[in-house]
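Step one of this worksheet: look at the structure below.
The values are calculated or read from the model by the stated rules, or taken from the named source; none is laboratory data. This is a predicted model, so every value here is computed, not measured. Because the Cβ atoms are built from the backbone with ideal geometry, glycine has one as well, and the counts that use them run over all protein chains shown.
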Amino acid sequence: MKRPTRIAFISEHASPVAVLGSTDAGGQNVYVDAVSRQLARRGYLVDIFTRREDASAAEVVNWAPGVRVINLVAGPAAPLPKDELWPWMPVFRRNFLQFMVRDGARYDLLHAHFWMSGWVTLGLRRLLNIPAVQLFHALGATKRRHQGSADTSPPERMAVEREIVREMDRIIAQCPAERRELQDDYAADPNSITVVPGGTNCDMFQPVPHAEARQRIGLQGNEFTIVYVGRMLPRKDVRNVVRALAILSHQSDLPMRMLVVGGESADPDPATTPEIGVLRQLAAELGVADRVLFYGKRQPEVLRYFYGAGDVAVTTPWYEPFGLTPLEAMACGRPVVGSAVGGLSHTIHDGVTGLLVPPRSPERLAASLHYLLTHPEQRIAMGYAARARVEREFTWPTVAQRTATLYESLLAERRQRLETGLLTRELGGD
Ligand code: UDP
(Lines give C-alpha, C1' and ligand atoms only; values in the text may rest on other atoms or scores of the structure.)
Protein backbone atom coordinates (compact mmCIF):
# COMPACT_ATOMS: atom_id res chain seq x y z
CA MET A 1 0.00 0.00 0.00
CA LYS A 2 1.19 3.50 -0.79
CA ARG A 3 2.61 5.35 2.20
CA PRO A 4 0.58 8.53 3.01
CA THR A 5 2.21 11.76 1.89
CA ARG A 6 3.64 13.64 4.86
CA ILE A 7 3.55 17.41 4.94
CA ALA A 8 5.40 19.62 7.41
CA PHE A 9 3.62 22.90 8.05
CA ILE A 10 6.05 25.42 9.53
CA SER A 11 4.20 28.15 11.37
CA GLU A 12 6.62 29.71 13.86
CA HIS A 13 4.25 32.05 15.72
CA ALA A 14 0.77 30.86 14.81
CA SER A 15 -0.32 27.62 16.45
CA PRO A 16 -3.83 26.25 16.01
CA VAL A 17 -3.86 25.84 19.78
CA ALA A 18 -3.69 29.62 20.46
CA VAL A 19 -6.64 31.61 21.70
CA LEU A 20 -7.93 33.83 18.93
CA GLY A 21 -8.64 37.54 18.80
CA SER A 22 -5.54 38.72 20.67
CA THR A 23 -2.59 40.66 19.26
CA ASP A 24 -0.68 37.93 17.45
CA ALA A 25 -3.39 35.25 17.17
CA GLY A 26 -5.59 35.78 14.17
CA GLY A 27 -6.22 34.53 10.68
CA GLN A 28 -3.01 32.54 10.32
CA ASN A 29 -3.87 30.37 13.33
CA VAL A 30 -7.33 29.70 11.89
CA TYR A 31 -5.89 28.97 8.45
CA VAL A 32 -3.25 26.53 9.66
CA ASP A 33 -5.81 24.71 11.78
CA ALA A 34 -8.51 24.45 9.11
CA VAL A 35 -6.30 23.61 6.13
CA SER A 36 -4.28 20.97 8.00
CA ARG A 37 -7.48 19.22 9.08
CA GLN A 38 -8.89 19.29 5.56
CA LEU A 39 -5.63 18.01 4.07
CA ALA A 40 -5.70 15.17 6.59
CA ARG A 41 -9.23 14.33 5.48
CA ARG A 42 -7.84 13.98 1.98
CA GLY A 43 -5.32 11.41 3.22
CA TYR A 44 -2.24 13.54 3.99
CA LEU A 45 -0.45 13.40 7.32
CA VAL A 46 0.30 16.91 8.53
CA ASP A 47 2.69 17.96 11.30
CA ILE A 48 2.43 21.62 12.32
CA PHE A 49 5.71 22.94 13.72
CA THR A 50 5.33 25.94 15.96
CA ARG A 51 7.32 27.62 18.72
CA ARG A 52 6.63 26.34 22.22
CA GLU A 53 5.04 29.20 24.19
CA ASP A 54 3.99 27.31 27.26
CA ALA A 55 6.30 25.28 29.50
CA SER A 56 3.52 22.85 30.34
CA ALA A 57 2.74 22.06 26.66
CA ALA A 58 3.75 18.60 25.43
CA GLU A 59 6.23 18.47 22.56
CA VAL A 60 3.81 16.46 20.42
CA VAL A 61 0.07 17.08 20.56
CA ASN A 62 -2.29 14.83 18.60
CA TRP A 63 -4.44 17.69 17.42
CA ALA A 64 -6.90 16.09 15.01
CA PRO A 65 -7.04 12.84 13.03
CA GLY A 66 -3.93 12.95 10.83
CA VAL A 67 -2.69 16.25 12.33
CA ARG A 68 -0.07 16.70 15.04
CA VAL A 69 1.19 19.95 16.55
CA ILE A 70 4.91 19.85 17.34
CA ASN A 71 5.97 22.45 19.90
CA LEU A 72 9.64 23.20 19.26
CA VAL A 73 11.83 24.85 21.85
CA ALA A 74 13.11 28.14 20.45
CA GLY A 75 13.59 30.85 23.07
CA PRO A 76 11.65 31.21 26.31
CA ALA A 77 8.60 28.98 26.82
CA ALA A 78 6.36 32.04 27.09
CA PRO A 79 4.39 34.17 24.63
CA LEU A 80 6.63 36.65 22.79
CA PRO A 81 5.58 39.30 20.25
CA LYS A 82 6.16 37.82 16.80
CA ASP A 83 8.54 40.61 15.87
CA GLU A 84 10.90 39.34 18.61
CA LEU A 85 11.11 35.80 17.27
CA TRP A 86 13.60 36.28 14.45
CA PRO A 87 16.78 35.66 16.54
CA TRP A 88 15.35 32.30 17.63
CA MET A 89 14.84 30.93 14.13
CA PRO A 90 18.21 29.13 13.80
CA VAL A 91 17.41 27.24 17.01
CA PHE A 92 13.91 26.52 15.70
CA ARG A 93 15.40 25.01 12.56
CA ARG A 94 17.95 22.94 14.45
CA ASN A 95 15.25 21.60 16.74
CA PHE A 96 13.07 20.73 13.75
CA LEU A 97 15.87 18.51 12.42
CA GLN A 98 16.50 16.97 15.81
CA PHE A 99 12.81 16.21 16.16
CA MET A 100 12.79 14.54 12.74
CA VAL A 101 15.65 12.27 13.72
CA ARG A 102 14.06 11.36 17.09
CA ASP A 103 10.60 10.83 15.65
CA GLY A 104 11.68 9.07 12.48
CA ALA A 105 9.29 11.26 10.42
CA ARG A 106 10.11 11.52 6.71
CA TYR A 107 8.46 14.51 5.07
CA ASP A 108 7.62 14.69 1.38
CA LEU A 109 6.94 18.42 1.23
CA LEU A 110 7.40 21.55 3.35
CA HIS A 111 4.79 24.30 3.56
CA ALA A 112 5.89 27.53 5.27
CA HIS A 113 3.54 30.10 6.78
CA PHE A 114 4.88 33.68 7.30
CA TRP A 115 8.34 34.95 6.41
CA MET A 116 10.37 33.62 9.35
CA SER A 117 9.01 30.13 8.75
CA GLY A 118 9.97 30.70 5.12
CA TRP A 119 13.57 31.31 6.15
CA VAL A 120 13.57 28.14 8.27
CA THR A 121 12.05 26.22 5.38
CA LEU A 122 14.57 27.40 2.78
CA GLY A 123 17.34 25.86 4.87
CA LEU A 124 15.37 22.65 5.40
CA ARG A 125 14.54 22.43 1.71
CA ARG A 126 18.23 22.48 0.82
CA LEU A 127 19.13 19.89 3.44
CA LEU A 128 16.23 17.51 2.85
CA ASN A 129 16.01 18.05 -0.89
CA ILE A 130 12.21 18.08 -0.99
CA PRO A 131 9.79 20.63 -2.53
CA ALA A 132 8.71 23.65 -0.49
CA VAL A 133 5.76 26.00 -0.71
CA GLN A 134 5.44 29.46 0.84
CA LEU A 135 2.35 31.30 2.00
CA PHE A 136 3.27 34.69 3.45
CA HIS A 137 -0.04 35.65 5.14
CA ALA A 138 1.37 39.21 5.19
CA LEU A 139 4.15 40.97 3.30
CA GLY A 140 6.78 43.22 4.82
CA ALA A 141 6.75 45.76 1.97
CA THR A 142 3.00 46.34 2.34
CA LYS A 143 3.31 46.68 6.10
CA ARG A 144 6.19 49.15 5.78
CA ARG A 145 4.27 51.21 3.22
CA HIS A 146 1.30 51.59 5.55
CA GLN A 147 2.92 51.64 8.96
CA GLY A 148 6.17 53.49 8.25
CA SER A 149 8.20 53.98 11.40
CA ALA A 150 5.55 52.22 13.51
CA ASP A 151 6.51 48.93 11.79
CA THR A 152 8.41 46.84 14.33
CA SER A 153 9.43 44.08 11.89
CA PRO A 154 13.13 43.12 12.01
CA PRO A 155 15.12 45.09 9.40
CA GLU A 156 16.07 41.87 7.59
CA ARG A 157 12.45 41.03 6.78
CA MET A 158 12.20 42.25 3.20
CA ALA A 159 15.57 40.87 2.11
CA VAL A 160 14.59 37.48 3.52
CA GLU A 161 11.23 37.67 1.77
CA ARG A 162 12.99 38.39 -1.53
CA GLU A 163 15.17 35.34 -1.06
CA ILE A 164 12.11 33.21 -0.29
CA VAL A 165 10.34 34.49 -3.42
CA ARG A 166 13.40 33.60 -5.52
CA GLU A 167 14.02 30.16 -4.14
CA MET A 168 10.79 28.48 -3.08
CA ASP A 169 9.27 25.98 -5.49
CA ARG A 170 5.95 27.80 -5.35
CA ILE A 171 4.39 30.81 -3.64
CA ILE A 172 0.71 30.75 -2.72
CA ALA A 173 -0.93 34.18 -2.98
CA GLN A 174 -4.29 34.50 -1.26
CA CYS A 175 -5.76 37.02 -3.66
CA PRO A 176 -4.94 38.85 -6.90
CA ALA A 177 -3.71 41.89 -4.93
CA GLU A 178 -1.12 39.76 -3.17
CA ARG A 179 0.03 38.33 -6.49
CA ARG A 180 0.50 41.89 -7.79
CA GLU A 181 2.45 42.86 -4.69
CA LEU A 182 4.69 39.81 -5.05
CA GLN A 183 5.44 40.79 -8.64
CA ASP A 184 5.77 44.54 -8.09
CA ASP A 185 7.54 44.67 -4.73
CA TYR A 186 9.52 41.42 -4.89
CA ALA A 187 10.01 40.86 -8.63
CA ALA A 188 8.39 37.43 -8.35
CA ASP A 189 8.20 35.30 -11.48
CA PRO A 190 4.45 35.09 -12.26
CA ASN A 191 4.86 31.37 -13.01
CA SER A 192 6.01 30.72 -9.47
CA ILE A 193 2.77 32.06 -7.97
CA THR A 194 -0.48 30.14 -7.52
CA VAL A 195 -3.54 32.00 -6.24
CA VAL A 196 -5.43 29.99 -3.63
CA PRO A 197 -7.91 32.20 -1.75
CA GLY A 198 -8.57 31.46 1.91
CA GLY A 199 -11.85 30.08 3.18
CA THR A 200 -14.16 29.76 6.11
CA ASN A 201 -16.16 27.16 7.99
CA CYS A 202 -19.71 27.19 6.61
CA ASP A 203 -20.98 24.93 9.40
CA MET A 204 -19.65 27.00 12.25
CA PHE A 205 -20.58 30.28 10.55
CA GLN A 206 -24.26 29.99 9.68
CA PRO A 207 -27.10 32.46 9.40
CA VAL A 208 -28.90 32.92 12.73
CA PRO A 209 -32.11 35.01 12.79
CA HIS A 210 -31.63 38.45 14.33
CA ALA A 211 -33.94 37.88 17.28
CA GLU A 212 -32.29 34.59 18.27
CA ALA A 213 -28.77 35.95 17.81
CA ARG A 214 -29.51 39.08 19.84
CA GLN A 215 -31.07 37.06 22.60
CA ARG A 216 -28.04 34.73 22.73
CA ILE A 217 -25.69 37.64 23.34
CA GLY A 218 -28.05 39.45 25.71
CA LEU A 219 -28.81 42.38 23.41
CA GLN A 220 -32.11 44.21 23.84
CA GLY A 221 -33.90 46.31 21.25
CA ASN A 222 -34.16 46.28 17.53
CA GLU A 223 -32.01 49.15 16.39
CA PHE A 224 -29.80 49.07 13.29
CA THR A 225 -26.72 47.15 14.40
CA ILE A 226 -23.24 47.33 12.93
CA VAL A 227 -20.76 44.64 13.98
CA TYR A 228 -16.96 44.56 13.94
CA VAL A 229 -15.13 41.33 14.80
CA GLY A 230 -11.34 41.11 14.77
CA ARG A 231 -8.10 41.97 16.39
CA MET A 232 -7.91 45.37 18.04
CA LEU A 233 -5.01 46.85 16.13
CA PRO A 234 -4.67 50.43 14.87
CA ARG A 235 -4.34 49.13 11.28
CA LYS A 236 -7.79 47.55 11.49
CA ASP A 237 -8.98 51.16 11.90
CA VAL A 238 -12.01 50.53 14.07
CA ARG A 239 -11.68 54.25 14.83
CA ASN A 240 -12.85 54.89 11.27
CA VAL A 241 -16.02 52.90 12.01
CA VAL A 242 -16.69 54.82 15.22
CA ARG A 243 -16.29 58.09 13.29
CA ALA A 244 -18.68 56.87 10.61
CA LEU A 245 -21.20 55.86 13.27
CA ALA A 246 -21.02 59.38 14.70
CA ILE A 247 -21.62 60.92 11.25
CA LEU A 248 -24.49 58.54 10.58
CA SER A 249 -26.14 59.20 13.92
CA HIS A 250 -26.13 62.94 13.16
CA GLN A 251 -27.66 62.28 9.73
CA SER A 252 -30.44 59.95 10.83
CA ASP A 253 -32.86 59.81 13.73
CA LEU A 254 -33.14 56.05 13.41
CA PRO A 255 -31.66 54.25 16.40
CA MET A 256 -28.37 52.48 15.80
CA ARG A 257 -25.45 50.86 17.62
CA MET A 258 -22.14 49.18 17.02
CA LEU A 259 -20.78 45.96 18.51
CA VAL A 260 -17.00 45.55 18.83
CA VAL A 261 -15.74 42.00 19.38
CA GLY A 262 -12.02 41.27 19.98
CA GLY A 263 -9.20 42.12 22.35
CA GLU A 264 -6.69 40.49 24.62
CA SER A 265 -9.22 39.23 27.17
CA ALA A 266 -12.85 38.12 27.39
CA ASP A 267 -13.61 41.38 29.21
CA PRO A 268 -13.20 44.55 27.20
CA ASP A 269 -10.32 45.83 29.30
CA PRO A 270 -8.39 48.92 28.14
CA ALA A 271 -5.52 47.95 30.46
CA THR A 272 -4.80 44.81 28.41
CA THR A 273 -6.13 46.17 25.10
CA PRO A 274 -5.18 49.87 24.84
CA GLU A 275 -7.06 50.23 21.54
CA ILE A 276 -10.33 49.68 23.41
CA GLY A 277 -9.46 52.68 25.61
CA VAL A 278 -8.72 54.79 22.54
CA LEU A 279 -12.02 53.80 20.92
CA ARG A 280 -14.01 54.50 24.08
CA GLN A 281 -12.53 57.95 24.36
CA LEU A 282 -13.14 58.67 20.70
CA ALA A 283 -16.77 57.52 20.97
CA ALA A 284 -17.24 59.77 24.03
CA GLU A 285 -15.71 62.78 22.23
CA LEU A 286 -18.03 62.20 19.28
CA GLY A 287 -21.10 61.79 21.49
CA VAL A 288 -21.76 58.13 20.65
CA ALA A 289 -20.32 56.42 23.76
CA ASP A 290 -23.64 54.77 24.59
CA ARG A 291 -23.92 53.36 21.07
CA VAL A 292 -20.65 51.48 20.98
CA LEU A 293 -20.73 48.18 22.89
CA PHE A 294 -17.45 46.38 23.58
CA TYR A 295 -17.42 42.62 24.15
CA GLY A 296 -13.75 41.60 24.32
CA LYS A 297 -12.45 38.43 22.77
CA ARG A 298 -14.85 35.59 21.92
CA GLN A 299 -14.28 32.02 20.79
CA PRO A 300 -15.16 31.13 17.18
CA GLU A 301 -18.01 28.82 18.23
CA VAL A 302 -20.11 31.76 19.46
CA LEU A 303 -19.19 34.33 16.82
CA ARG A 304 -22.16 33.50 14.61
CA TYR A 305 -24.42 35.07 17.25
CA PHE A 306 -22.44 38.30 17.06
CA TYR A 307 -22.42 38.39 13.27
CA GLY A 308 -26.07 37.33 13.31
CA ALA A 309 -26.99 40.12 15.75
CA GLY A 310 -25.72 42.64 13.21
CA ASP A 311 -27.59 44.06 10.24
CA VAL A 312 -24.24 44.66 8.61
CA ALA A 313 -20.63 43.71 9.35
CA VAL A 314 -17.94 46.34 8.86
CA THR A 315 -14.18 46.18 8.50
CA THR A 316 -12.17 49.09 7.12
CA PRO A 317 -8.48 48.31 7.64
CA TRP A 318 -5.75 50.42 6.02
CA TYR A 319 -4.59 47.21 4.36
CA GLU A 320 -5.56 43.55 4.64
CA PRO A 321 -3.53 40.63 3.28
CA PHE A 322 -6.67 38.48 3.05
CA GLY A 323 -9.19 38.92 5.89
CA LEU A 324 -11.20 36.00 7.25
CA THR A 325 -13.76 37.96 9.23
CA PRO A 326 -15.59 39.31 6.15
CA LEU A 327 -16.00 35.73 4.91
CA GLU A 328 -17.32 34.68 8.31
CA ALA A 329 -19.88 37.47 8.28
CA MET A 330 -20.86 36.55 4.71
CA ALA A 331 -21.24 32.90 5.71
CA CYS A 332 -23.59 34.14 8.45
CA GLY A 333 -25.67 35.75 5.73
CA ARG A 334 -24.78 39.34 6.51
CA PRO A 335 -23.68 42.02 4.03
CA VAL A 336 -20.19 43.40 4.60
CA VAL A 337 -18.94 46.92 4.14
CA GLY A 338 -15.18 46.73 3.77
CA SER A 339 -12.33 48.86 2.55
CA ALA A 340 -11.31 48.26 -1.05
CA VAL A 341 -7.88 46.87 -0.18
CA GLY A 342 -6.07 43.53 -0.46
CA GLY A 343 -8.21 40.45 -0.02
CA LEU A 344 -11.38 42.43 0.71
CA SER A 345 -11.53 43.70 -2.87
CA HIS A 346 -11.65 40.06 -3.92
CA THR A 347 -14.00 38.52 -1.35
CA ILE A 348 -16.61 41.29 -1.20
CA HIS A 349 -18.52 41.57 -4.46
CA ASP A 350 -19.27 45.30 -4.51
CA GLY A 351 -22.99 46.03 -4.73
CA VAL A 352 -23.86 42.31 -4.60
CA THR A 353 -22.61 40.87 -1.29
CA GLY A 354 -21.77 44.17 0.35
CA LEU A 355 -20.12 47.48 -0.41
CA LEU A 356 -16.51 48.52 -0.90
CA VAL A 357 -15.34 51.89 0.41
CA PRO A 358 -11.99 53.66 0.41
CA PRO A 359 -10.00 53.18 3.63
CA ARG A 360 -9.62 56.13 6.04
CA SER A 361 -12.83 57.78 4.87
CA PRO A 362 -15.49 57.89 7.60
CA GLU A 363 -17.68 60.02 5.30
CA ARG A 364 -17.76 57.38 2.56
CA LEU A 365 -18.32 54.64 5.09
CA ALA A 366 -21.18 56.59 6.68
CA ALA A 367 -22.76 57.04 3.23
CA SER A 368 -22.59 53.28 2.56
CA LEU A 369 -24.01 52.49 5.97
CA HIS A 370 -26.76 55.04 5.40
CA TYR A 371 -27.68 53.27 2.18
CA LEU A 372 -27.93 49.92 3.97
CA LEU A 373 -29.79 51.47 6.88
CA THR A 374 -32.42 52.88 4.55
CA HIS A 375 -32.62 49.88 2.17
CA PRO A 376 -33.54 46.86 4.29
CA GLU A 377 -34.48 44.76 1.27
CA GLN A 378 -31.08 45.33 -0.34
CA ARG A 379 -29.48 44.38 2.93
CA ILE A 380 -31.31 41.07 3.02
CA ALA A 381 -30.61 40.33 -0.65
CA MET A 382 -26.90 41.03 -0.14
CA GLY A 383 -26.86 38.74 2.89
CA TYR A 384 -28.27 35.89 0.81
CA ALA A 385 -25.84 36.54 -2.01
CA ALA A 386 -22.99 36.66 0.50
CA ARG A 387 -23.75 33.23 1.91
CA ALA A 388 -24.06 31.78 -1.60
CA ARG A 389 -20.73 33.29 -2.66
CA VAL A 390 -18.91 31.80 0.32
CA GLU A 391 -20.45 28.35 -0.24
CA ARG A 392 -19.41 28.53 -3.88
CA GLU A 393 -15.88 29.90 -3.60
CA PHE A 394 -14.48 30.14 -0.10
CA THR A 395 -14.83 26.92 1.89
CA TRP A 396 -11.95 25.14 3.62
CA PRO A 397 -12.45 21.91 1.62
CA THR A 398 -11.99 23.98 -1.55
CA VAL A 399 -8.82 25.60 -0.18
CA ALA A 400 -7.45 22.15 0.72
CA GLN A 401 -8.37 20.73 -2.66
CA ARG A 402 -6.52 23.54 -4.50
CA THR A 403 -3.55 23.23 -2.15
CA ALA A 404 -3.45 19.46 -2.68
CA THR A 405 -3.47 19.96 -6.45
CA LEU A 406 -0.44 22.20 -6.09
CA TYR A 407 1.35 19.70 -3.83
CA GLU A 408 0.69 16.86 -6.25
CA SER A 409 2.07 18.78 -9.21
CA LEU A 410 5.26 19.60 -7.27
CA LEU A 411 5.63 16.01 -6.09
CA ALA A 412 5.07 14.74 -9.64
CA GLU A 413 7.71 17.15 -10.97
CA ARG A 414 10.14 15.89 -8.40
CA ARG A 415 9.40 12.26 -9.21
CA GLN A 416 9.95 13.02 -12.85
CA ARG A 417 13.25 14.72 -12.18
CA LEU A 418 14.34 11.76 -10.08
CA GLU A 419 13.34 9.32 -12.77
CA THR A 420 15.18 11.14 -15.50
CA GLY A 421 18.24 11.21 -13.29
CA LEU A 422 18.37 14.97 -13.36
CA LEU A 423 18.47 15.18 -9.63
CA THR A 424 21.34 12.69 -9.39
CA ARG A 425 23.32 14.81 -11.81
CA GLU A 426 22.50 17.99 -9.91
CA LEU A 427 23.83 16.32 -6.80
CA GLY A 428 27.02 15.42 -8.63
CA GLY A 429 26.18 11.71 -8.76
CA ASP A 430 27.46 11.06 -12.27
N1 UDP B 1 -11.41 36.06 16.09
C2 UDP B 1 -11.95 35.31 17.12
N3 UDP B 1 -12.37 35.94 18.26
C4 UDP B 1 -12.29 37.28 18.42
C5 UDP B 1 -11.76 38.05 17.34
C6 UDP B 1 -11.31 37.41 16.19
O7 UDP B 1 -12.06 34.08 17.02
O8 UDP B 1 -12.69 37.77 19.47
C9 UDP B 1 -10.97 35.37 14.86
C10 UDP B 1 -11.87 35.72 13.67
O11 UDP B 1 -13.06 35.00 13.75
C12 UDP B 1 -10.98 35.37 12.49
C13 UDP B 1 -9.58 35.65 13.02
O14 UDP B 1 -9.68 35.76 14.45
O15 UDP B 1 -11.12 34.00 12.15
C16 UDP B 1 -9.04 36.94 12.45
O17 UDP B 1 -8.62 36.70 11.14
P18 UDP B 1 -8.56 37.81 9.98
O19 UDP B 1 -7.99 37.13 8.79
O20 UDP B 1 -9.87 38.46 9.82
O21 UDP B 1 -7.56 38.93 10.48
P22 UDP B 1 -6.08 38.83 11.12
O23 UDP B 1 -6.32 38.70 12.58
O24 UDP B 1 -5.40 37.64 10.54
O25 UDP B 1 -5.44 40.12 10.77
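Residue by residue, here is whether (1) in contact (Cβ under 8 Å) with a residue 24 or more places away in the chain; (2) part of a loop (DSSP other than H, G, I, E, B); (3) not hydroxyl-bearing (Ser, Thr, Tyr) holds:
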site: Ala8; (1), (2), (3): yes, no, yes
site: Gln28; (1), (2), (3): yes, no, yes
site: Arg37; (1), (2), (3): yes, no, yes
site: Ala55; (1), (2), (3): no, yes, yes
site: Ala74; (1), (2), (3): yes, yes, yes
site: Pro90; (1), (2), (3): no, no, yes
Worksheet, complete the sentence: When (1) surrounded by 15 or more Cβ atoms within 10 Å (Cβ to Cβ); (2) of a type outside the set (Lys, Arg); (3) modelled with pLDDT under 95 are applied to Met100, the one that fails is (3)
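Can you give me the ranges of the strands (runs of 3 or more DSSP E) entirely in the range 107-185 with at least 1 residues that are in contact (Cβ under 8 Å) with a residue 24 or more places away in the chain and touching a Pro at 6+ places or on another chain (Cβ under 9 Å)?
It comes to 109-113, 170-173.
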Discussion item. Of the residues Arg125, Arg106, Arg51, only one is within 20 Å of the chain's Cα centre (by Cα), more than 16 Å from the ligand (Cβ to nearest atom) and among the charged types (D, E, K, R); which?
Written reply: Arg51
Worksheet item: For Arg415, which of the numbered conditions (1) under 30 Å from Met204 (Cβ atoms); (2) exposed (fewer than 14 other Cβ atoms within 10 Å of the Cβ); (3) basic (Lys, Arg) fails to hold?
Response: (1)
Fill in: Members of the range 340-369 that are touching an Asp or Glu at 6+ places or on another chain (Cβ under 8 Å) and without any contact (Cβ under 8 Å) to a residue 40 or more places away in the chain
Ala340, Leu344, Leu356
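Tell me, which residue of the range 351-370 that is surrounded by 14 or more Cβ atoms within 10 Å (Cβ to Cβ) and out of contact with any helix residue (DSSP H, G or I) (no Cβ under 7 Å at 6 or more places or on another chain) is nearest to Val30 (Cα to Cα)?
Step by step, filter the range 351-370, then rank; the result is Pro359.
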Item to complete: Out of Gly310, Gly263, report the one residue that is farther than 24 Å from Leu356 by Cβ and surrounded by 22 or more Cβ atoms within 10 Å (Cβ to Cβ).
Response: Gly263
Worksheet item: Which residues, taken from the range 214-250, are within 13 Å of the ligand (Cβ to nearest atom) and in a helix (DSSP H, G or I)?
Response: Pro234, Arg235, Lys236, Val238
Fill in: Single unsatisfied condition, Val30 versus (1) more than 16 Å from the ligand (Cβ to nearest atom); (2) touching a strand residue (DSSP E or B) at 6+ places or on another chain (Cβ under 9 Å); (3) within 22 Å of Thr403 (Cβ to Cβ); (4) not charged (D, E, K, R)
(1)
Fill in: From the options Pro317, Pro326, Pro335, residue that is closer than 16 Å to Cys202 by Cα and within 19 Å of the chain's Cα centre (by Cα)
Pro326
